[in-house]
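Undergrad: Dropping the structure in here first, questions after.
The values are calculated or read from the model by the stated rules, or taken from the named source; none is laboratory data. As the structure is a prediction and not an experimental result, all values here were calculated from the model. For neighbour counting, all protein chains shown are included, and Cβ atoms are generated from backbone atoms with ideal geometry for every residue, glycine included. Note: accessible area is taken over every heavy atom of the protein model, side chains too, but ligands, DNA and RNA are not part of it. Shrake-Rupley method; radii C 1.70, N 1.55, O 1.52, S 1.80 Å.
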Amino acid sequence: MRIAILNQDRCQPDTCSLECIKYCPRVRTGDETITIVGKKPVISEELCIGCGICVNKCPFAAIKIITLPESLDEPTHRYGANGFALFGLPIPQHGKVVGILGPNGIGKTTAINILSGNLKQNLGCDADWDDIFKYYAGSVLQDYLKGVSQNKVRLSQKPQYVDRIPEMFKGTVSELLEKVDERGKLGELTAKLKIEHIVQRKIEDLSGGELQRVAIAACAAKDADFYFFDEISPYLDIYQRIRAAILIRELAQESAVMVVEHDLALLDLLADVVHIGYGEPGGFGVITHPKGVRQAINQYLRGFLPEENVRVRPDSIDFEVHAPRSVRDIPILFEFPEFTKTYEDGGFSLDVAGGELRAGEVVCAVGPNGIGKSTFAKLLAGVEDPTTGKISTDIRISYKPQYIKPDSDLRVHDFLRSITRAVDTSYYETGITAPLHLRYLMERAISDLSGGELQRVAIAACLSREADLYVLDEPSAHLDVEQRVSACSAIRRFAENEHVTAIVIDHDIYMVDLLSDRLIVFDGTPAVHGEVFGPFELREGMNRFLKNLEITFRRDEETKRPRINKPDSRLDREQKASGEYYYVATP
């Protein structure tokens with residue numbers, strides 16, 4: 001089976017020579033394989049022979065000709081002729097947390113809209129409810145969709161991009177939460193998420209992490225049959241993520257809960273079963289049958305789904321058990337002295353013990369939110385000055401902030417070109433724009449980008465500037481698993497090839513594990529006082545960090561990926577007793 005996809009946003013028939021029609025061999029023999037309907041071309045999937053000439057000739061890369069796996073039948077839903085096609089649906093399960101794992105753009109939102117009743121599936125044509133019930137006859141989804149058709153399914157949904165909440169609601173946190181508190185458990189929810197101290201603050205004054213927790217509380221406060229959480233990890237530290245996971249698991253005891261999450265360590269702890277989504281982003285998506293959470297994540301990391309006999313990625317994602325390399329013979333780039341930063345209002349102070357950074361290495365910074373990681377980055381970058389001590393250095397610093405504002409109408413291409421240093425063009429394309437998948441964003445305006453697209457452009461912009469030290473604050477936010485791995489590859493290779501140093505501040509343990517040569521560890525009392533130690537070797541630094549949070553990790557026996565131990569489990573107690581909080585060392 002073959003489908004043709006036309007990206008309506010990229011297609012510009014008024015500014016091209018209709019190369020898709022001009023060069024199509026079937027059109028040249030007299031068939032109407034590609035015709036103009038309205039203002040846009042329409043490709044006949046029955047007549048198309050899959051030669052790919054139109055794909056290569058289109059100046060805007062707006063066409064995809066995709067050969068689908070043989071096992072696929074008619075689609076669950078399709079957005080019209082030459083539109084995106086979704087195959088399969090995740091299955092809500094009462095009493096369980098159902099996870100969805102897959103790249104952006106393969107239909108996760110479409111599936112949720114169908115399950116919530118916001119979108120009626122069409123089975124690829126113009127199906128009515130009787131056709132839909134017949135299609136799902138004998139399955140759990142038949143009864144569920146009957147409830148959807150009768151408007152009996154109540155949905156509560158947490159949006160993906162919480163930074164847009166201040167644009168939709170004006171007022172205090174308490175006003176927002178009281179408005180949606182249908183279960184009468186507002187006090188319990190705010191206590192579990194540790195947000196009691198911000199309930200009288202205005203929504204527009206909240207940080208990203210505070211907005212995320214308020215959004216989780218608002219979603220859980222509603223009385224619903226089906227709860228959907230779209231990414232709970234952005235802007236939250238590890239401890240806050242675990243608290244949110246515990247709350248969601250408690251919620252699942254009463255209702256059906258579905259979660260889309262790209263932090264695999266958190267998904268491993270949170271979900272009971274996982275549906276894997278694969279396909280061609282923007283072209284088609286396939287939702288698999290549910291799998292055990294460990295099995296699903298391991299298959300996804302390996303890139304091969306044996307039950308479906310499908311390879312979803314050409315290469316597996318591998319984790320190192322030990323620190324990637326020794327730094328003893330690597331020259332020192334920069335030594336930062338002891339210094340402090342105290343804010344005049346007495347709200348927060350930061351003490352830095354001093355340390356050194358080496359050329360060509362990636363150093364990750366870990367610690368809870370509100371402990372001074374972003375402050376430390378701003379001090380190194382020269383955005384702020386220390387209170388005592390002096391950071392005197394001749395090195396140049398490029399800084400990507402945590403929160404990115406899409407306040408420019410420039411095209412991505414023009415924006416990057418305006419700041420790009422003089423580098424080898426071929427390396428820039430293969431080392432930065434290709435792994436960050438920026439090719440199809442170059443003609444887009446920055447103000448029109450989604451959160452994940454904006455994040456990738458911001459990473460590219462940081463690496464494009466000429467500097468010796470590159471500081472990236474939470475580059476994983478809103479990126480899917482593949483994009484996070486690609487971002488890790490781009491940052492690591494850039495540091496090694498250019499003999500520069502990168503400091504990455506992030507809470508995704510998988511990303512830290514893949515990236516780090518060494519770790520800088522932040523300790524103290526959040527929002528009151530922070531202390532900075534290191535850099536340490538990866539395992540030593542993670543042990544120090546996790547001991548403060550009283551969280552232990554183990555290595556998966558098959559993939560060697562980090563996995564969170566359930567609190568007070570046998571392995572959790574044993575590792576705490578031995579002081580091995582990150583993983584038990586193997587001989």
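Undergrad: Within region 462-520, restricting attention to residues that are polar (S, T, N, Q), more than 16 Å from the chain's Cα centre (by Cα) and closer than 19 Å to Tyr428 by Cβ, which residue is surrounded by the fewest Cβ atoms within 10 Å (Cβ to Cβ)?
TA: Across region 462-520, the extreme among qualifying residues is Asn497.
Undergrad: Can you tell me which residues in region 540-584 are within 26 Å of Gly354 (Cα to Cα) and either among the aliphatic types (A, V, I, L, M) or open to solvent by less than 50 Å² (accessible area, probe 1.4 Å) (or both)?
TA: Selection gives Gly541, Met542, Asn543, Phe545, Leu546, Leu549, Gly579, Glu580, Tyr581, Tyr582.
Undergrad: Restricting the search to region 79-114, which residues are in contact with a Pro (Cβ under 9 Å, 6 or more places away or on another chain), closer than 15 Å to Asp225 by Cα and open to solvent by less than 10 Å² (accessible area, probe 1.4 Å)?
TA: Val98, Ile112
Undergrad: Would you mind finding the one in Glu204, Glu175, Glu182 that is open to solvent by 70 Å² or more (accessible area, probe 1.4 Å), part of a helix (DSSP H, G or I), in contact (Cβ under 8 Å) with a residue 24 or more places away in the chain and not β-branched (Val, Ile, Thr)?
TA: On inspection, the qualifying residue turns out to be Glu204.
Undergrad: Still on this model: Condition test on Lys158, is it open to solvent by 60 Å² or more (accessible area, probe 1.4 Å) and either touching a residue at least 60 places away in the same chain (Cβ under 8 Å) or within 17 Å of Arg201 (Cβ to Cβ) (or both)?
TA: no
Undergrad: Since Ile34 meets every condition but one in (1) over 28 Å from Lys120 (Cβ atoms); (2) aliphatic (A, V, I, L, M); (3) touching a residue at least 12 places away in the same chain (Cβ under 8 Å); (4) open to solvent by 20 Å² or more (accessible area, probe 1.4 Å), which condition does it not meet?
TA: Of everything listed in (1) over 28 Å from Lys120 (Cβ atoms); (2) aliphatic (A, V, I, L, M); (3) touching a residue at least 12 places away in the same chain (Cβ under 8 Å); (4) open to solvent by 20 Å² or more (accessible area, probe 1.4 Å), Ile34 misses just condition (4).
Undergrad: Which numbered condition trips up Leu269, out of (1) under 18 Å from the mean Cα position of the chain (by Cα); (2) open to solvent by 10 Å² or more (accessible area, probe 1.4 Å); (3) free of Cβ contacts under 8 Å to residues at least 40 places away in the same chain?
TA: For Leu269, the failing item is (3).
Undergrad: Taking the residues in region 527-564 that are of a type in the set (Asp, Glu) and touching a residue at least 60 places away in the same chain (Cβ under 8 Å) as candidates, determine which candidate is nearest to Gly367 (Cα to Cα).
TA: Looking at the filtered set, the residue picked out is Glu531.
Undergrad: Being under 20 Å from Val260 (Cβ atoms), of a type in the set (Gly, Ala, Ser) and either in contact (Cβ under 8 Å) with a residue 24 or more places away in the chain or open to solvent by 40 Å² or more (accessible area, probe 1.4 Å) (or both) is true for just one of Gly431, Gly452. Which residue is that?
TA: Step by step, each of Gly431, Gly452 is checked, and only Gly452 is under 20 Å from Val260 (Cβ atoms), of a type in the set (Gly, Ala, Ser) and either in contact (Cβ under 8 Å) with a residue 24 or more places away in the chain or open to solvent by 40 Å² or more (accessible area, probe 1.4 Å) (or both).
Undergrad: In this structure, does Asp9 turn out to be within 22 Å of Ile114 (Cβ to Cβ) and open to solvent by 20 Å² or more (accessible area, probe 1.4 Å)?
TA: Judged against the criteria, Asp9 is not a match.
Undergrad: Any residue at all in region 222-229 that's closer than 24 Å to Gly117 by Cβ, surrounded by 21 or more Cβ atoms within 10 Å (Cβ to Cβ) and within 19 Å of the chain's Cα centre (by Cα)?
TA: Looking for residues that are closer than 24 Å to Gly117 by Cβ, surrounded by 21 or more Cβ atoms within 10 Å (Cβ to Cβ) and within 19 Å of the chain's Cα centre (by Cα), one finds at least one in region 222-229, hence yes.
Undergrad: Related question: Of everything in region 526-539 that's more than 15 Å from Asp513 (Cβ to Cβ) and hydrophobic (A, V, I, L, M, F, W, C), which residue is surrounded by the most Cβ atoms within 10 Å (Cβ to Cβ)?
TA: Filtering region 526-539 for residues that are more than 15 Å from Asp513 (Cβ to Cβ) and hydrophobic (A, V, I, L, M, F, W, C), the one surrounded by the most Cβ atoms within 10 Å (Cβ to Cβ) comes out as Val532.
Undergrad: Out of (1) part of a helix (DSSP H, G or I); (2) open to solvent by 10 Å² or more (accessible area, probe 1.4 Å); (3) at pLDDT below 90; (4) not acidic (Asp, Glu), what's the single condition that is false for Tyr235?
TA: Condition (1) is where Tyr235 drops out.
Undergrad: All but one of (1) modelled with pLDDT of 90 or more; (2) closer than 23 Å to Val260 by Cα hold for Phe133, so report the exception by its number.
TA: (2)
Undergrad: Related question: Kindly indicate the residue of region 372-390 that is surrounded by fewer than 16 Cβ atoms within 10 Å (Cβ to Cβ), in contact (Cβ under 8 Å) with a residue 24 or more places away in the chain and more than 32 Å from the chain's Cα centre (by Cα) and also nearest to Gly355 (Cα to Cα) among those meeting that condition.
TA: Going through the qualifying residues, I end up with Lys390.
Undergrad: For region 510-529, which residues satisfy the criterion of being under 22 Å from Cys462 (Cα atoms) and of a type in the set (A, V, I, L, M)?
TA: Result: Met511, Val512, Leu514, Leu515, Leu519, Ile520.
Undergrad: Wholly within region 448-528, which strands (runs of 3 or more DSSP E) include no fewer than the required count, namely at least 2 residues that are within 25 Å of Gly382 (Cβ to Cβ) and in contact with a Pro (Cβ under 8 Å, 6 or more places away or on another chain)?
TA: 518-525
Undergrad: What number of residues within region 432-447 satisfy the criterion of being assigned to a helix (DSSP H, G or I) and either over 17 Å from Asp407 (Cβ atoms) or in contact with a Lys or Arg (Cβ under 8 Å, 6 or more places away or on another chain) (or both)?
TA: Selection size over region 432-447: 6.
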